[in-house]
Amino acid sequence: MEAEFRRVGDQDRKLVDDKYNVEATESLANEALHLPISEAAPIYEQLLTVFPTAAKYWKQYVEAQMVVNNDEATKQIFSRCLLNCLQIPLWRCYIRFIRKVNDKKGVEGQEETRKAFDFMLSYVGADIASGPVWMEYITFLKSLPALSTQEESQRMIAVRKVYQKAIVTPTHHIEQLWKEYENFENSVSRQLAKGLLSEYQPKFNSARAVYRERKKYVDGIDWNMLAVPPTGSYKEESQWMAWKKLLAFEKGNPQRIENGSSNKRIIFTYEQCLMHLYHYPDLWYDYAMWHAKSGLIDAAIKVFQRSLKALPDSEMLRYAYGELEESRGAIQPTKKIYESLLGDGVNTTALAHIQFIRFLRRTEGVEAARKYFLDARKSPNCTYHVYVAYAMMAFCLDKDPKMAHNVFEAGLKRFMHEPVYILEYADFLTRLNDDRNIRALFERALSSLPSEESVEVWKRFTSFEQTYGDLASMLKVERRKKEALSGTGEEGPSSLESSLQDVASRYSFMDLWPCSSKELDHLARQEWLAKNINKKVEKSTMPNGLGFVDEDSTGLTSNLAVSSKVVYPDTNQMVIYDPRQKPGAGNFQTTTAAGVPTASKSLSNPVIAAVGGQTMSAFDEILEATPPALVAFLSNLPVVEGPTPDVDVVLSICLQSDVPAPQPGKSGAAPMQLPSIPAPSTSDLSVSSKSHPIPSASSFKPARGKRKHFDRQEEEEASVQSHPLPRDAFRIRQIQKARGTASQTGSASYGSAISGDLSGSTG
């Protein structure tokens, strides 16, 4: 076998390193396709041990056995995978095998094949992709020989029953099945067909509507996804969401069918879901609890048992399983579940001990719980949690404070070094109002705990004295606390001195403070500064504004969460961003096309000139490449200050402007042939350029009709066009409606002055 796996090489080594490596698994499966079945079988077994619900690998494995006519091995494989892999391709492979085996057995073989079809449809007939299976079954039934009228009648009845089940099942082929059913009924009896079709038409319509809704959920599911433990990837989470949505859809019974059929579909959906999300404990739990809520306790128990085979290390599922068994009064099965959590006793967790003690207390009484606790505390893995849990159980449930006190004292010998245990013991004594023993406990603990681990104990001791002690005892404990913690970093160099922060802390109660929130925040900042007085602190790390919190020594906190000081950016340094802008560009020097000396001033961009002297030479390049006729027209437009001119005024100027004929041969632009079009189209184009010298991103809307042709021709032009020219189609439509016939001559036409081809009216 080692030699067989050596042929696979790197893929196998990757699979050993990470058995859920999907890439290595796919490579290994593809490699097995080209190997003889004797060598491929161990590889398939290895893959299916890791991915027991991977239907595509089961199908690949069984087809390899079918090729060599190994019928016994094929049957064994089908018996292992069919009920756990409810996927149509695998089941169709199964029916092909059954038909192949029974083809030569005559009537007996036909009956076996019919039973196999019924068996298959009982499991996967609700699949949205099961249409071909229904059609194949119907074709098979129609092909059965009928030697008498009675047999012919029985065959027709059988075909009709299958049709009537198929047309109420939401599948991809539901409409085709309905048409075939109509033809079938009409071929048998038109009179009978009319009644049957009118009866099943509403059911078919309902199933078709449900199919359309179900398809929306099914389309988001990856049916080839391998079942791997959750890693939190986007794909896994999206698949989890897709399955949850589909399950919620099916639970709503959208087709309004009877509960039995609806539950069958829900079960089928859960089973398909767990094929791909096999390692998700929440889905196993949901599946089991759905059974339990439906009153199917035995089915819920079977789901829990399957889940523990899939996830044997999941303590959550074991506790949930035990809870279900205990809730129905099955004490012994529940005890076995808890004992399985205890394991061999060597690696038993403290939580397992605690939960088993509680279970014994609930089911077998106080003495059984006490006996197990005495055994559990001898375990090397027994922590202070077990002592605390049993002591509080004796105190709260058994009403035996003496037993609880003895347990805490016994644990104190082992866990004196655990501050949390000390605090739990102190809480217990506080409930007993035993202030003498509380002080003794704190003194014993603080005498043995190192300073760096005693911070919380000191805080609790101080709080205790503030409640139970007098002023002298309060001040004494606070002074001792400062002395003990002065070298741990919890207190600053001046920690031995009394401060106003101590007073605020001493005279506070819950969320009530003897000062305002602003004063409290100020004290907290001062306390922080006092601790770091000899440290070099960056300005950015200093506490600034309200919301600073420091509760190491006094517990001062601010009730305000945000600073009242808001820093705003310096807007004077802001410039208009343009990707064409070159670093270090000088002031904007307007240039013009040759022969048009007056155009530059009228075409200067006031927005660019006003922003810190930062300009762009691209605007000059556009002017140089602009045809002289267009530049002359633009120079006649009025200068408009502000980003939003009056569109009506601009359009009226455009409609009255005369565009001079182009003069070929002038330097600065290549000669262009303007088409014979109304002047207003060019004017509209020009006013757009005038109104928005640097168009914003929101104005870049593609023109309809010939945009692609315009882009191709624009690349061939010698002129430089950095952006498509903007337009205001909404205002143009308003003008067209207001002016009636004038709109026909003033419709916006884009690109005519540039390429001479594009003329797309926005009206």
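The values are calculated or read from the model by the stated rules, or taken from the named source; none is laboratory data. The model shown is predicted, which means the values in this text are computed figures rather than measured ones. Glycine gets a Cβ as well: all are built from the backbone with ideal geometry, and neighbour counts include every protein chain shown. Calculation scope for accessible area: heavy atoms of the full protein, side chains included, ligands and nucleic acids excluded. Shrake-Rupley method; radii C 1.70, N 1.55, O 1.52, S 1.80 Å.
Report, by residue number, each residue of segment 221-234 that is in contact with a helix residue (DSSP H, G or I) (Cβ under 8 Å, 6 or more places away or on another chain), open to solvent by less than 60 Å² (accessible area, probe 1.4 Å) and farther than 21 Å from ASN253 by Cβ.
ASP222, MET225, LEU226, ALA227, VAL228
Looking only at segment 143-189, which residues are under 51 Å from the mean Cα position of the chain (by Cα) and among the basic types (Lys, Arg)?
Answer for segment 143-189, where residues must be under 51 Å from the mean Cα position of the chain (by Cα) and among the basic types (Lys, Arg): ARG160, LYS161, LYS165, LYS179.
Is it the case that GLN76 is under 39 Å from the mean Cα position of the chain (by Cα), open to solvent by 30 Å² or more (accessible area, probe 1.4 Å) and of a type in the set (S, T, N, Q)?
On the way: under 39 Å from the mean Cα position of the chain (by Cα): no; open to solvent by 30 Å² or more (accessible area, probe 1.4 Å): yes; of a type in the set (S, T, N, Q): yes.
Spelling it out, it is not the case that GLN76 is under 39 Å from the mean Cα position of the chain (by Cα), open to solvent by 30 Å² or more (accessible area, probe 1.4 Å) and of a type in the set (S, T, N, Q).
So GLN466 passes all but one of these: (1) farther than 22 Å from TYR425 by Cβ; (2) at pLDDT below 90; (3) outside any loop (DSSP other than H, G, I, E, B). Which condition number does it fail?
Single failed check for GLN466: (1).
Take the residues of segment 168-207 that are of a type in the set (Val, Ile, Thr) and assigned to a helix (DSSP H, G or I): which is most open to solvent (accessible area, probe 1.4 Å)?
VAL188
Go through (1) open to solvent by 30 Å² or more (accessible area, probe 1.4 Å); (2) assigned to a helix (DSSP H, G or I); (3) of a type outside the set (Lys, Arg); (4) closer than 26 Å to PHE268 by Cβ one by one and return the number of the condition PRO52 breaks.
(2)
Which one of these does ILE257 not meet: (1) in contact with a Pro (Cβ under 7 Å, 6 or more places away or on another chain); (2) of a type in the set (A, V, I, L, M); (3) at pLDDT below 95?
(1)
SER122 is checked against (1) free of Cβ contacts under 8 Å to residues at least 40 places away in the same chain; (2) buried (at least 16 other Cβ atoms within 10 Å of the Cβ) and fails just one. What number does that condition carry?
(2)
Please work out if SER495 is hydroxyl-bearing (Ser, Thr, Tyr), open to solvent by less than 90 Å² (accessible area, probe 1.4 Å), part of a loop (DSSP other than H, G, I, E, B) and at pLDDT below 75.
Yes: the conditions hold for SER495.
Let's see how each residue does on (1) closer than 20 Å to GLN87 by Cβ; (2) of a type in the set (Lys, Arg):
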residue: ILE138; (1), (2): no, no
residue: LYS161; (1), (2): no, yes
residue: GLN201; (1), (2): no, no
residue: ARG208; (1), (2): no, yes
residue: ILE221; (1), (2): yes, no
residue: ALA227; (1), (2): yes, no
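Return yes or no: is ALA64 of a type in the set (A, V, I, L, M) and open to solvent by 20 Å² or more (accessible area, probe 1.4 Å)?
yes
What's the number of the only condition in (1) more than 22 Å from the chain's Cα centre (by Cα); (2) within 17 Å of ALA126 (Cα to Cα); (3) among the aromatic types (Phe, Trp, Tyr) that PHE304 fails to meet?
With (1) more than 22 Å from the chain's Cα centre (by Cα); (2) within 17 Å of ALA126 (Cα to Cα); (3) among the aromatic types (Phe, Trp, Tyr) applied to PHE304, the lone miss is (2).
If we keep just the residues of segment 284-323 that are open to solvent by 10 Å² or more (accessible area, probe 1.4 Å) and of a type in the set (Phe, Trp, Tyr), which is nearest to LEU274 (Cα to Cα)?
If we take residues in segment 284-323 being open to solvent by 10 Å² or more (accessible area, probe 1.4 Å) and of a type in the set (Phe, Trp, Tyr), then TYR285 is nearest to LEU274 (Cα to Cα).
With respect to the numbered conditions (1) under 50 Å from the mean Cα position of the chain (by Cα); (2) part of a helix (DSSP H, G or I), which one is the sole condition not fulfilled by MET474?
It fails just one condition, (1).
Could you list, ordered by first residue, the pairs with Cβ atoms under 8 Å in which the first is in segment 287-300 and without any contact (Cβ under 8 Å) to a residue 60 or more places away in the chain and the second is surrounded by fewer than 17 Cβ atoms within 10 Å (Cβ to Cβ) and not in a helix (DSSP H, G or I), at least 6 apart or interchain?
Going by the 8 Å Cβ cut-off, the qualifying pairs are ILE297/ARG328.
Here's the yes/no breakdown for (1) crowded, with 17+ Cβ neighbours inside 10 Å; (2) part of a helix (DSSP H, G or I):
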| residue | (1), (2) |
| --- | --- |
| ASP375 | no, yes |
| CYS382 | yes, no |
| VAL386 | yes, yes |
| TYR390 | yes, yes |
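What is the number of the single condition among (1) of a type outside the set (Lys, Arg); (2) within 28 Å of LEU246 (Cα to Cα); (3) in a loop (DSSP other than H, G, I, E, B) that LEU121 does not meet?
LEU121 satisfies every listed condition except (3).
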